[in-house]
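Encoded as structure tokens, the structure appears first; notes follow it.
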Amino acid sequence: MYIPKAFKIEDPQHIEAFLNDHPFAVMITAGDGRIHATHLPILRFKDGKLYGHIARVNPQADIEENASVLVIFSGPHAYIKPEWYRSDSNLPTWNYGAVHCRGRIAFIEEPSSVWSLLKEMVALLEGRDGWRLSEDKGYDKLVSAIRFFEFIPTKTEAQFKLSQNKKPEDIAGVIEGLRSDGDTDIAEFMVRINSNK
């Protein structure tokens, strides 16, 4: 990923928070002369590892475990209007956050392990008081239709392009403009990342 110096993020806490807040990712692989991409959630579980699952009918479910995998996590983003800057001579742009993780996957095949991981994934997404998977309703039969995997990252790159290269008054103007347009997620993201300016 091309990352201008002003937007490069190396703080592991910022990166981890981003992955936790934006777990819906794109998994990209190459094989058989084709590039494959699947949109799917990949979440940090209580054991500290990243997990996801994919439908067995998806061609990516047959990739070799030592194959190179790129997973892209994307966060809030928005068009930035020149009129929001408080100084002159600024062009329109796009602010966003993205984390690219390269690595490999390790498939988990044992049905009881898959069931346990699937239940944990649902609990993570539903929250403490949310809906739960129940073996009584036959959901456990769904396990045979998916391949659960651990994603093992070997290289992580993060870019948060949030006007860090601008003057403090311009950053404030962009945040105000985003809020007035209802883009509060990216506005609050900008506040967190630019808080030391």
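Just so it is clear, none of the values below were taken in a lab; they were calculated from the coordinates. Predicted, not measured: the structure shown is a model, and the values here were computed from it. With ideal geometry, Cβ positions are generated from the backbone for all residues, glycine too; neighbour counts draw on all protein chains shown.
Some values worked out for this structure:
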item: Pair K81, S134: separation of 7 Å Cα→Cβ label points (nm); result: 5.0
item: Approximate spin-label separation A106-N58, in nm, with each point projected 7 Å along Cα-to-Cβ; result: 2.1
item: Rg to Rh quotient for region 1-67, alpha carbon positions, Kirkwood Rh; result: 1.03
item: Cβ-placed point charges (K, R +1; D, E -1), dipole of region 142-181 about Cα centre in debye, nearest 20; result: 160
item: Exposed GluC sites (Glu not before Pro) absent - longest run of the chain, DSSP non-H/G/I/E/B, at most 16 other C-beta within 10 Å; result: 110-197
item: Hits among lysines - C-alpha to C-alpha of K161 under 20 Å, sequence gap 8 or more where chains match; result: K5, K8, K81, K197
item: Reach of K137 by Cα under 25 Å, taken over lysines that are not fewer than 8 positions away in the same chain; result: K119
item: Over the chain - Rg/Rh using Cα atoms and the Kirkwood inverse-distance radius; result: 1.05
item: Value of relative contact order over region 74-197, rounded to a whole percent, pairs C-alpha under 8 Å and six or more apart; result: 36
item: Extension gain from E10 to S74, taking 0.36 nm per residue of separation minus the Cα-Cα distance; result: 21.4 nm
